[in-house]
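Visitor: Okay, here's the structure, questions in a sec.
The values are calculated or read from the model by the stated rules, or taken from the named source; none is laboratory data. Just so it is clear, the structure is predicted and the values come from calculations on it, not from any experiment. With ideal geometry, Cβ positions are generated from the backbone for all residues, glycine too; neighbour counts draw on all protein chains shown.
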Amino acid sequence: MDVVGGPGDDPVRLNAFDRQWDDVRADVLDGVDRVGRSGWLVLGEEVLRFERELAAVWGIEQAVGVASGLDALELSLRALHLPPGAPVLTTPLSAFATTLAILRAGGRPVFIDVDRSGQLDLDLATDVLTRRRDIDTLVPVHLYGYALDLEQLQLLRDRFELVVVEDCAQAVGATSRGRAVGSVGQAAATSFYPTKNLAAMGDGGAVLTDDPAIAASVRALRDYGQSAKYRHDLLGMNSRLDELHAAMLRQAFLPRLGRATERRQAIAARYTSEIEHAHVLTPREPDASRSVWHLYPVLVEGDRAGLQAHLERLGIATAIHYPVLIPDQAALSSGDLTETVTPMPNAQRFASQELSLPIHPYLRDDEVDRVIHACNTWRP
Ligand SMILES: *Cc1c(COP(=O)(O)O)cnc(C)c1O
């Protein structure tokens, strides 16, 4: 390959919001103009229409727009009546928000190890649930854009009669044997944070559910617990999706999601077939997963910092997801807010070896070439 990367070249970034803006500008401005002219800024037609379109694209009955992915998880758990102090099985390897939402909903996160793909280990979950009959809530995460094995997740849900809230913040559009993530849990949560696969230009999120009672409950909870104007049946919060963001999502970002996902998948396929290095292991998806490649997480056996520095010298940005496991975070060190019930060898391995290579829909082919070349020429 005659590609050379060097400090003189443009940096290869983890996101390219300037390129995205060139692409979406006309649609975003049109959406903003429509909202401005409507004179209706909070919980109006745009949110309703976006919710309907998102639900249709996802193949789930109802979507409810909220202020963030964190809130979408918390409100899902609250709508499902999580009892105070209830243990909730979840993963130590995720955005901190997954655990924070469980705590905010009044639950007690219980951590078990991940499998070799970095996802909550469903076999281990079976063992723990068999021993711990007090656990009846599960918050799995479809991490990195992969889909957990949904057949196995459904068997687990049915066998232990679990309440399941799927964290789909990184996995909008991912499937397992053709089935969409978010379709096993009583509810699923997603995020429209700007780096996510389906993103707004700021914060936002949604709850997805086939159950109209759960959707109604989330609709009330996101708006001070109102069931009708000035009728408060629940103690809710303010977690509304703005009309502006709903308009942008509906007009600019949701219609581009399919092609953006295809581009991520094409880049991932090239990385997987062309990165060849004894110490750089390309990712392995769970069985039957069709990933949407929110991230491209390689495992570096040996000197991860060395590879990161080598790529940095060649102008290629990388990141680590995640360097500190959730149970090891300082915010959880006091008291007994959480519980860790298995050893964590796989999760520790991700914390010490994972490196995320640039992958986003605006990454150009020549930049993909540079990333591959840079990895393959690393001398540890
Ligand atoms: C981003 C993210 C969240 C939180 O979403 P916010 O919109 O940032 O609150 C939750 N879980 C996972 C797995 C995420 O990646």
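Visitor: So in segment 192-212, with the set limited to residues that are out of contact with any helix residue (DSSP H, G or I) (no Cβ under 8 Å at 6 or more places or on another chain) and closer than 19 Å to Leu48 by Cβ, which one is surrounded by the most Cβ atoms within 10 Å (Cβ to Cβ)?
Guide: Asp210
Visitor: Taking segment 103-127 on its own, how many of its residues are in contact with a strand residue (DSSP E or B) (Cβ under 6 Å, 6 or more places away or on another chain), over 17 Å from Ala347 (Cβ atoms) and within 16 Å of the ligand (Cβ to nearest atom)?
Guide: Qualifying residue count, segment 103-127: 1.
Visitor: Say whether the condition of being within 11 Å of the ligand (Cβ to nearest atom), touching a Cys at 6+ places or on another chain (Cβ under 9 Å) and under 26 Å from Leu235 (Cα atoms) is met by at least one residue in segment 169-178.
Guide: No, every residue in segment 169-178 fails to be within 11 Å of the ligand (Cβ to nearest atom), touching a Cys at 6+ places or on another chain (Cβ under 9 Å) and under 26 Å from Leu235 (Cα atoms).
Visitor: If a residue has to be surrounded by fewer than 18 Cβ atoms within 10 Å (Cβ to Cβ), out of contact with any Leu (no Cβ under 6 Å at 6 or more places or on another chain) and more than 23 Å from Thr91 (Cα to Cα) to count, how many in segment 311-326 make the cut?
Guide: 2
Visitor: In addition: Given the options Leu138, Leu153, Leu148, name the one that is more than 18 Å from Ile326 (Cα to Cα) and free of Cβ contacts under 8 Å to residues at least 60 places away in the same chain. Let's see the steps before the verdict.
Guide: Details: Leu138 fails: more than 18 Å from Ile326 (Cα to Cα); Leu148 fails: free of Cβ contacts under 8 Å to residues at least 60 places away in the same chain.
Just one listed residue meets the conditions, Leu153.
Visitor: Answer yes or no as to whether Asp18 is in a helix (DSSP H, G or I) and either under 27 Å from Gly236 (Cβ atoms) or of a type in the set (Ser, Thr, Tyr) (or both).
Guide: The answer is no for Asp18.
Visitor: Scanning for something of a type in the set (Val, Ile, Thr), under 25 Å from Glu53 (Cβ atoms) and surrounded by 14 or more Cβ atoms within 10 Å (Cβ to Cβ), does segment 274-285 turn up at least one residue?
Guide: No, every residue in segment 274-285 fails to be of a type in the set (Val, Ile, Thr), under 25 Å from Glu53 (Cβ atoms) and surrounded by 14 or more Cβ atoms within 10 Å (Cβ to Cβ).
Visitor: Here's another thing I want to ask about it. Give all pairs with beta carbons closer than 8 Å in which a residue from segment 62-74 that is within 9 Å of the ligand (Cβ to nearest atom) meets a residue that is among the acidic types (Asp, Glu) and assigned to a strand (DSSP E or B); count only pairs at least 6 apart in sequence or on separate chains.
Guide: Final answer for the pair search is Gly69/Asp167; Leu73/Asp167.
Visitor: May I pose another question? Does Ala56 qualify as being away from the ligand (no atom under 12 Å from the Cβ), closer than 23 Å to Pro194 by Cα and without any contact (Cβ under 8 Å) to a residue 60 or more places away in the chain?
Guide: Yes; evaluated as a whole, the condition is true for this residue.
Visitor: Then there's this: Exactly one condition in (1) part of a loop (DSSP other than H, G, I, E, B); (2) within 21 Å of Arg370 (Cα to Cα) is false for Gly302; which is it?
Guide: (2)
Visitor: If I filter segment 38-51 for residues that are in a helix (DSSP H, G or I), at pLDDT 95 or above and farther than 25 Å from Leu257 by Cβ, do I get at least one hit?
Guide: No: zero hits.
Okay, residues lined up against (1) in contact with a Phe, Trp or Tyr (Cβ under 6 Å, 6 or more places away or on another chain); (2) within 16 Å of the ligand (Cβ to nearest atom); (3) among the hydroxyl-bearing types (Ser, Thr, Tyr):
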residue: Leu129; (1), (2), (3): yes, no, no
residue: Asp134; (1), (2), (3): no, no, no
residue: Val165; (1), (2), (3): no, yes, no
residue: Val184; (1), (2), (3): no, no, no
residue: Pro194; (1), (2), (3): no, yes, no
residue: Asn197; (1), (2), (3): no, yes, no
residue: Ala215; (1), (2), (3): no, no, no
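Visitor: Something else about it: Does segment 331-362 hold any residues that are surrounded by 19 or more Cβ atoms within 10 Å (Cβ to Cβ), aliphatic (A, V, I, L, M) and in contact with a Lys or Arg (Cβ under 8 Å, 6 or more places away or on another chain), and which are they?
Guide: The answer is Leu355, Ile359.
Visitor: Determine whether Ala55 is in a strand (DSSP E or B) and over 19 Å from Glu339 (Cα atoms).
Guide: So Ala55 does not fit the description; no.
Visitor: Only one of these conditions is not met by Val218: (1) crowded, with 24+ Cβ neighbours inside 10 Å; (2) hydrophobic (A, V, I, L, M, F, W, C); (3) touching an Asp or Glu at 6+ places or on another chain (Cβ under 8 Å); (4) outside any strand (DSSP E or B). Which number is it?
Guide: (3)
Visitor: Taking into account only those residues within segment 286-310 that are buried (at least 18 other Cβ atoms within 10 Å of the Cβ) and of a type in the set (Gly, Ala, Ser), which is modelled with the lowest pLDDT?
Guide: Per the stated criteria, the residue is Ser289.
Visitor: Let me ask you something else. Does Ala206 qualify as being out of contact with any Lys or Arg (no Cβ under 9 Å at 6 or more places or on another chain) and either among the aliphatic types (A, V, I, L, M) or under 20 Å from Pro361 (Cβ atoms) (or both)?
Guide: yes
Visitor: Could I ask something else about it? Going by what's in this entry, would Ala189 be described as touching a Leu at 6+ places or on another chain (Cβ under 6 Å), within 11 Å of the ligand (Cβ to nearest atom), outside any helix (DSSP H, G or I) and not aromatic (Phe, Trp, Tyr)?
Guide: For Ala189, the condition - touching a Leu at 6+ places or on another chain (Cβ under 6 Å), within 11 Å of the ligand (Cβ to nearest atom), outside any helix (DSSP H, G or I) and not aromatic (Phe, Trp, Tyr) - is met.
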